[in-house]
Amino acid sequence: MTDTLYFTPEERQQITALYAELKQKIAPTLTDGDEERLRKHLLTAVEEGQVQRDLFSLNPIVSSLQTAMIAVDEIGLRREAVLAIMLRPCVDAGFLTVDEVSASYGSPVGRILHGLQRIQELYKKNPVIESENFRNLLLSFAEDMRVILIMIADRVNLMRLIRDAQNEEAKHRVSEEAAYLYAPLAHKLGLYKLKSELEDLSLKYLEHDAYYHIKEKLNATKAARDAYVERFIGPIEQKLKDAGLKFHMKGRTKSIHSIWQKMKKQKCAFEGVYDLFAIRIIIDCPPEKEKQQCWQTFAIITDMYTSNPKRMRDWLSVPKSNGYESLHITVLGPEQKWVEVQIRTERMDEIAERGVAAHWRYKGVKSSEGGMDEWLNGIRQMLEDTVKVESSEFNTMDMFRMDLYDDEIYVFTPKGDLLKFPKGATVLDMAYHIHSKVGSACTGARINNKVVTFRQELHSGDQVEILTSSTQRPKQEWLNIVKTSRARAKIRLAIKETQQKDALLVKEMLERKFRNRHIEQDEGLMMRVIRKLGYKEASDFYRDMASDVLDVQTVIDKYVELQQSDRVVTGDNVARSADEFVLDNSQFSTLNSQVSDDVLVIGQDLKGLDFHLAHCCNPIYGDPVFGFVTTGGGIKIHRMDCPNAAEMRRRFGYRIVKARWSGKGSSQYQITLRVIGNDDLGIVNNLTSIISKDEKLVLRSINIDSNDGIFRGTLTIMINDNTRLEGLIKKLRTVKGVKQVERI
């Protein structure tokens, strides 16, 4: 049994204060029995040792209360979200199930907890979090948008608490996730305050020196900066009032994170960032007078201060494609300091902050495909509106059930990278997405450690490892398995390349068959043969030949038949009666030996054919051999007893050709002999002496290994033919002490 969670006196005080404040804020949304059930579940879990401190030694009950306060105060969440936050430690520890929570507190609470659990499972796959795809997968797994809002609140709370944490590695990882994942999400959802806090705290933990350098500089210049803003806007306010304009002004100072990004981008010191703050003038006027009053304001300011034309941005005359309208100018204020001024109307400001041209859009945060940003923007608008209404109406958050991703799925590679595919995509789609060669060799996959076929449909969150085989080849029916056009195009290309290789091999085989049978081959006649055999396309003919659907003898017979039918009967070619024909047996036996067998004759006079002796068996003159047509078009000569012969005949029987030697064995061939015997004195000298006495033998190398009175050696020898080899082996076997001599 695990030790019971210990509460320090400070933690007890925190719990009392936070619980009282939280209860007061969400009391109107609670139902009868909520508080009693929650208290019972938490106390039982703590007493039975189910709830323990996390890797930062933080008390999960205290952390949950703090996260709930952020969710209520900064986001506006109420009953369902708060209950889910408070019950999460019990569910994560296995003390409560999601079904039990749904039964006690309602299905919305259970749904939120289920979404939080699914996200925990995603993290176990070690994802690459710095990707837009992971952010999208996170959203699709959330089911209820409140899950994401809770995750943001939880990360803000965690970042506040780990300042003095000793686990630097975990602290670094949490900070990176806050910067790359949760801050952009908060920004898109309009939670600007939380977004800035996440960015600043991430910078504080990841780049400590840079953070405190900028903070000290800001603190040192704050009073002077505030005084400067007053001096700058004072005359402008008066001039605008004198012109009869209705307006209000906003001033903002850049966050520490924004200043650091600017310093890195411009490669300058803190003093080189001149736009530490900006002034926004928002005019209240009817739509028909918007441009007129904006330009009037522009004229008033530029009359007072010199503007920098290079820094002017006119999105008033021609709005951005996303609808953003505003005038941005940079002017030289008092003390020769540059100040950025933004001029817009209430309507324009509303569009920029809440509409399709919201701040996260025009600031340059990358938007994803498929309507993600528009959808998030709609949620942000609902959040902002909902905070203003009664808390009991916050159940409209149930509308956030996600249906955006019905057409998209996200899957993990073994390394944690995320890939996006359309719904219905298969393992074969992913294989071809990785690489054409991987796709063409794909035999299946291992999904979540379970082996499946390449037809298996993928689902969001799957971890997929592609399985391949060197013998696999793409097939026409694969086009019906894949979903993506990319995979379909790659399959077509792979099939075409395979067909071209097969066609080349078949053509070479036919040419050899025709040549060995002394049949003159004509391309036009061959095309007639292909059509007579029922093929409209030559590629289909070569495909069936390569796959042994069509027998080569059938092709040759059809070719000879058409060739004979084309001959003109004249002169000596007049048809005669069978009674007049006398068979010459001697001629028949000679012709039969030449025509009936497809034989590759190997000799010194053979020209125009690229053949090599195989290194796996090192054939020499006189050995029974056969030829093997390689993919490069040449022929390898193997011994009949080659170790690879059986496999080549089984898999590539159509590429085997007969071969025999011609002429005399005058060339030198390299062979290797294995000799085993007793390690007697002088045995090596006796072996080498036999070889050296024969002037037609050359000893290239000798390697002897002796152990426990037994020697094992290999002799590499240059020799003319196998007859001489057999004689050499007999002589070596007569040496005293030799037990075994064999050719390798």
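Distant-in-sequence amide contacts of Tyr669, defined by a placed amide H-H separation under 5 Å and a gap of 5 or more residues or a different chain, comprise Ile719, Asn720. Between Thr688 and Lys291, the simple label model (points 7 Å from Cα in the Cβ direction) yields a spacing of 10.2 nm.
Between region 450-482 and region 236-291, what's the alpha-carbon centroid distance in Å? Going from one Cα centre to the other spans 56 Å. Here's the picture: charge each Lys and Arg Cβ at +1 and each Asp and Glu Cβ at -1 in region 421-580, and of Phe454, Leu493, Val552 the one pushed furthest to the positive end of that dipole is Phe454. Coupling constants for region 217-233 follow from the phi torsions by the Karplus curve (6.51 cos²θ - 1.76 cosθ + 1.60, θ = phi - 60°), and in residue order they are 5, 5, 4, 5, 9, 4, 4, 5, 5, 4, 5, 5, 4, 4, 5, 6, 7 Hz; glycine and proline get x. The protection proxy used here, the mean number of other Cβ atoms lying within 10 Å of each residue, ranks peptides 235-243, 706-714 as follows, highest first: 235-243, 706-714.
Under a 5 Å amide H cut-off, with hydrogens placed 1.01 Å from N, Gly461 pairs with Tyr410, Val411, Phe412 among residues at least 5 apart or on other chains.
Counting Lys and Arg as +1 and Asp and Glu as -1, each charge on the Cβ, what is the dipole of region 623-744 about the Cα centre in debye, to the nearest 20? Don't jump to the answer; show the numbers that get you there.
Values: 21 positive and 12 negative charges, 124 e Å.
Computed charge dipole of region 623-744: roughly 600 debye.
Per-peptide packing, taken as the mean over residues of other Cβ atoms within 10 Å, places 305-312, 529-536 in the sequence 529-536, 305-312 from highest down. Pairwise Cα separations in region 418-478 fall into 5 Å bins from 0 onward with the following percentages, short to long: 4, 20, 33, 26, 12, 4, 0.
Taking a ≥ b ≥ c as the square roots of the eigenvalues of the alpha carbon gyration tensor, region 199-260 is prolate, as a/c is not under 1.5 and a/b beats b/c. A DSSP coil position with no more than 11 other Cβ atoms inside 10 Å describes the following trypsin sites (Lys or Arg not before Pro) in region 47-150: Lys124. Net charge dipole, region 159-314: roughly 260 debye, given to the nearest 20, about the Cα centre with Cβ charges of +1 for Lys and Arg and -1 for Asp and Glu. Loop-located chymotrypsin sites (Phe, Trp or Tyr not before Pro) in region 609-684 (DSSP state not H, G, I, E or B) with no more than 11 neighbouring Cβ atoms inside 10 Å do not occur.
Each value in this text was obtained by applying a stated rule to the coordinates, not by laboratory testing. Note that this is a predicted model, so its numbers are computed, not measured. Note: ideal-geometry Cβ built from the backbone for every residue, glycine included; neighbour counts use all protein chains shown.
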